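The values are calculated or read from the model by the stated rules, or taken from the named source; none is laboratory data. What you see is a predicted model; the values in this text were computed from it and never measured. When we count neighbours, we look across all protein chains shown, and the Cβ atoms used for this are built from the backbone with ideal geometry, even at glycine. We work out accessible area using only protein heavy atoms, side chains counted, and drop any ligands, DNA or RNA first. Shrake-Rupley method; radii C 1.70, N 1.55, O 1.52, S 1.80 Å.
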Amino acid sequence: MAVQRTFSIIKPDATKRNLTGKVNAMIEDAGLRIVGQRRVHLSEAQAKRFYEVHAERPFYGDLVNFMTSGPVVVQVLEGENAIAAYRDVMGATNPSEAKPGTIRAAFAESIDANTVHGSDAPETAAEEIAQFFTDDQIVG
Ligand code: CMP
C-alpha cells in the first residue's frame, strides 16, 4: 500500500479538555505524520458544508451545533495506508463500541462528542483536505 493522506478533525470536546497533545501523541504512535495542522473555530456554514452528506440525518442539527461549539484542530495526516490506519486508531464512531487502546475509547464522551473525525475513503480525504488546506500549507 502506498503512502496516503487523510483528513482529521480534533473536535471541540477534546480541545475544551486540552487533549490536543494527547490525541496527537496517539496519532504519531500509530505511525502517522501530522503534515498540516491548524486550530480554527468553524462557522455554521463551514460545519454544514463539511457534514453535508449527513444533511438528511436526524442528528445533523446537533452535529453542526456541537462542531461549532468551540475550537477544533484540522489536520492532514500522512503515512502508509493512512485512511485505514487512522480509522483503526480512532476506534468506532460510537465510543461504547470503540476498542481499548483507541482514541475514542480513551477520550470520547458520546457519539457526537467523539473526539476525532477521519476521512472514510481516498475521494473524501482529498475533498475534505481541500476544504481547509492549500497545497503550500501541507509540508510532508
Ligand atoms: P464523524 O466521523 O465526525 O462523522 C459524522 C459524525 O456524526 C460522527 O463522527 C458522529 O460524531 C456524529 N453522529 C451522531 N449520531 C450519529 C449516528 N447515529 N451515526 C453516525 N454518526 C453520528
At q = 0.15, 0.16, 0.22, 0.28 Å⁻¹, what is the base-10 log of I(q)/I(0) for the range 87-140 according to the Debye formula with one equal point scatterer per Cα and no solvent? Please give it to two decimals. -0.52, -0.57, -0.81, -0.96
Rolling a 1.4 Å sphere over the protein heavy atoms, what is the accessible area per residue of the chain, to the nearest Å²? 52 Å²
Between rounded, prolate and oblate, where does the range 66-116 land on the alpha carbon gyration tensor, with a ≥ b ≥ c its root eigenvalues, rounded for a/c under 1.5, else prolate if a/b exceeds b/c? oblate
Rg to Rh, two decimals, where the range 1-119 supplies the alpha carbon set and Rh follows Kirkwood: 0.95
Using Cα pairs under 8 angstrom and six or more residues apart, how large is the relative contact order of the chain, in percent? 38 percent
Per the helix-only calculation at 222 nm, which mean residue ellipticity applies to the chain, given -39500 (n - 2.57) for every DSSP H run of n ≥ 4 and division by its residues, nearest 500 deg cm²/dmol? -10500 deg cm²/dmol
With a 1.4 Å probe and all protein chains left in place, how much of the accessible area of the range 12-140 comes from carbon and sulfur atoms, in whole percent? 49 percent
Label-point separation, VAL40 to LYS99 (7 Å along Cα→Cβ), nm: 3.2 nm
Taking the alpha-carbon distance from LYS22 and a cut-off under 17 Å, which lysines remain once sequence neighbours fewer than 8 residues away in the same chain are dropped? LYS11
Tell me, what ³J(HN,Hα) does each residue in the range 133-139 have, in order and in whole Hz, if you take phi through Karplus 6.51 cos²θ - 1.76 cosθ + 1.60 with θ = phi - 60° and put x for Gly and Pro? 9, 8, 4, 6, 8, 10, 10
